[in-house]
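Asker: Right, I'll just put the structure down here and ask away after.
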Amino acid sequence: ESPLVEGLLWVGTDDGNVWLTRDGGKKWTLLNDRIVGNPGHWVSRVLASALDPGTAYVAYTGYRSDDFRPYVYKTTDYGQTWTSLAAGLPAGPVNVIREDRRQPRLLFAGTDFGVYATLDGGSAWTRLETGMPTQPVHDLLIHPRDSDLVVATHGRGLFIADIGPLEELTPEVLAKDAQFTSTAFGKVT
């Protein structure tokens with residue numbers, strides 16, 4: 001359910017369907033035909049944006065069908081149109097997608113090979129390699145108070161990374177020659 005609008009529900013199923021209801025489930029709309037390049041695979045995650053009610057993200061995993069390409073899509077118009085965000089992600093299943101609550105262009109993808117981040121809304125992805133082993137990531141949570149990314153792996157491991165500096169890397173900051181962030185020297189308490 002959308003954290004912004006009661007009754008706005010996004011649903012993904014293991015047979016590849018993506019559904020939307022804006023009236024609490026009275027009427028459902030199947031969105032499959034609107035997702036260009038929809039593989040019809042298991043929907044591994046649907047995420048309703050916490051920043052905009054018309055925005056949602058969908059990730060598919062095709063490993064059950066021997067399809068190891070990444071599939072991640074975004075809509076900003078309640079599912080009428082979708083954009084692929086998979087360019088730059090390595091071949092492999094995407095298990096989870098997470099949007100930062102402070103920086104809308106900062107996204108994280110949990111794949112079978114680790115965690116990837118993008119600062120530009122999905123055009124370019126970078127693997128987070130700060131002590132995180134190469135293993136399947138099945139869930140991601142961003143702590144609302146501490147700006148920590150909590151990573152849950154298939155190996156029942158849990159990793160926590162401070163993403164405060166990433167949240168401060170807005171397009172304006174990235175355009176500057178140099179910038180100190182408030183977390184450059186550790187968290188201030």
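The values are calculated or read from the model by the stated rules, or taken from the named source; none is laboratory data. The model shown is predicted, which means the values in this text are computed figures rather than measured ones. Cβ coordinates were reconstructed from backbone atoms using ideal geometry, including for glycine residues, and neighbour counts include every protein chain displayed. Calculation scope for accessible area: heavy atoms of the full protein, side chains included, ligands and nucleic acids excluded. Shrake-Rupley method; radii C 1.70, N 1.55, O 1.52, S 1.80 Å.
Asker: Give me the pairs: first residue in the stretch 79-90 and at positive phi, second residue buried (at least 16 other Cβ atoms within 10 Å of the Cβ) and outside any strand (DSSP E or B), beta-carbon distance under 7 Å, and six or more apart or on different chains, which are they?
Answerer: Pairs that qualify, where the first residue is at positive phi and the partner is buried (at least 16 other Cβ atoms within 10 Å of the Cβ) and outside any strand (DSSP E or B), are Gly79/Leu31; Gly79/Arg34; Gly88/Trp125.
Asker: Something else: Hey, can you tell me all the residues within the stretch 141-175 that are of a type in the set (S, T, N, Q) and either surrounded by 17 or more Cβ atoms within 10 Å (Cβ to Cβ) or at pLDDT 80 or above (or both)? Full working, then the answer.
Answerer: Residues of the stretch 141-175 that are of a type in the set (S, T, N, Q), as a first pass: 147, 153, 170.
Within the stretch 141-175, Ser147, Thr153 qualify.
Asker: How many residues, within the stretch 12-56, are open to solvent by less than 50 Å² (accessible area, probe 1.4 Å) and either part of a strand (DSSP E or B) or under 19 Å from Leu141 (Cα atoms) (or both)?
Answerer: Residues that pass the stated criteria total 14.
Asker: Identify all residues within the stretch 82-140 that are of a type outside the set (S, T, N, Q), over 10 Å from the mean Cα position of the chain (by Cα) and open to solvent by less than 10 Å² (accessible area, probe 1.4 Å); write none if there are none.
Answerer: Within the stretch 82-140, Gly92, Pro93, Gly114, Val115, Val137 meet the criteria.
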